[in-house]
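Take a look at the structure below.
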Amino acid sequence: MTVVTIAYIGLLVGAAAAVYRLVIGPTLADRVIALDLLLVALMTGIVVDAAHRDSTTWLNLLVVIAIIGFTATVAVSRFMEQRR
């Protein structure tokens with residue numbers, strides 16, 4: 001097994017745990033954290049693939065995913081704060 005394969009397996013396990021938490025819940029905060037974990041797993045998968053292929057083609061996508069994830073997390077946390 002190569003290091004890249006081991007990295008992908010670890011990311012798959014983390015993504016599966018995040019999907020489990022996303023489905024089971026029970027609170028909105030749990031689901032938001034699970035979505036953040038899924039985004040981080042996706043971004044890390046892109047980085048591993050880019051390093052393995054020695055390519056920078058998809059690295060701009062990382063910036064977009066990070067901005068969307070941060071903005072969504074802030075928006076949901078403000079919603080949860082006002083909901084109290």
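Each reported figure results from applying straightforward, stated rules to the coordinates on display, with no laboratory input. Nothing here was measured: the structure is a model prediction, and the numbers come from that model. Positions of Cβ are backbone-derived with ideal geometry, glycine not excepted, and every protein chain shown enters the neighbour counts.
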**Asked** In nanometres, what is the gap between the two model label sites at residue 77 and residue 47, each 7 Å from Cα along Cα-to-Cβ?
**Response** 2.0
**Asked** Angle, helix 3-24 long axis vs. longest principal axis of the chain, Cα atoms, 0 to 90°, nearest 10?
**Response** 20
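Let a ≥ b ≥ c be the square roots of the eigenvalues of the Cα gyration tensor of the chain; is it rounded (a/c under 1.5), or, if not, prolate (a/b larger than b/c) or oblate? Write down the numbers at each step before the final one.
Values: a/c = 5.49, a/b = 1.65, b/c = 3.34.
The shape class here is oblate.
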